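The values are calculated or read from the model by the stated rules, or taken from the named source; none is laboratory data. Computed from a predicted structure; not experimentally measured. Please note: Cβ atoms are built from the backbone with ideal geometry, for glycine as well, and neighbour counts cover all protein chains shown.
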Amino acid sequence: MITIYRHGIEIAGLSFDRSFYPPGFMRQSVAMLADGNRRARLEKVRLPALILHGDLDPLVQPAHGQAIADALLDAQMTVLPDWGHGLDYPKLWPQFVEHLARFRRETMP
């Protein structure tokens, strides 16, 4: 766990360093708006999907994650308490790993 934690701190630092880039935020926002509704494309996905969403996400509300889960043929949706947007929440990393490991065990024998 110590190795994962140290690696996690490094990832958190890198995430923070790249998180404030206004031109990138604007490009991503415009791209999302220009792309339109993705439901028809999501309905064609034929792979299991795990959707982890934070209940404190200030950018994308959990209802949007649920809409993605509803559009997919085989999706599991979990809303994690006290999670905002991004992976720079080290205290939640063990939960992420737990959910990912369980999903892998259930879907990839």
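Exactly one residue out of L50, L59, L73 is outside any helix (DSSP H, G or I), over 15 Å from the mean Cα position of the chain (by Cα), modelled with pLDDT of 75 or more and surrounded by 11 or more Cβ atoms within 10 Å (Cβ to Cβ), and it is L73. Among the residues of region 84-109 satisfying the criterion of being in a loop (DSSP other than H, G, I, E, B) and closer than 20 Å to L47 by Cα, which is modelled with the lowest pLDDT? Among residues in region 84-109 that are in a loop (DSSP other than H, G, I, E, B) and closer than 20 Å to L47 by Cα, the one modelled with the lowest pLDDT is P109.
Looking across region 26-47 at every residue that is part of a loop (DSSP other than H, G, I, E, B) and of a type outside the set (K, R), the one that is surrounded by the most Cβ atoms within 10 Å (Cβ to Cβ) is identified as V45. Listed by first and then second residue, the pairs with beta-carbon distance under 6 Å, at least 6 apart or on different chains, first residue in region 39-53 and within 19 Å of L80 (Cα to Cα), second in a loop (DSSP other than H, G, I, E, B), are A49/L72. When residues in region 81-103 are screened for being on the phi > 0 side of the Ramachandran plot and without any contact (Cβ under 8 Å) to a residue 40 or more places away in the chain, 1 of them pass.
The residue of region 87-104 that is nearest to F25 (Cα to Cα), among those that are in contact with an Asp or Glu (Cβ under 9 Å, 6 or more places away or on another chain) and surrounded by 12 or more Cβ atoms within 10 Å (Cβ to Cβ), is Y89.
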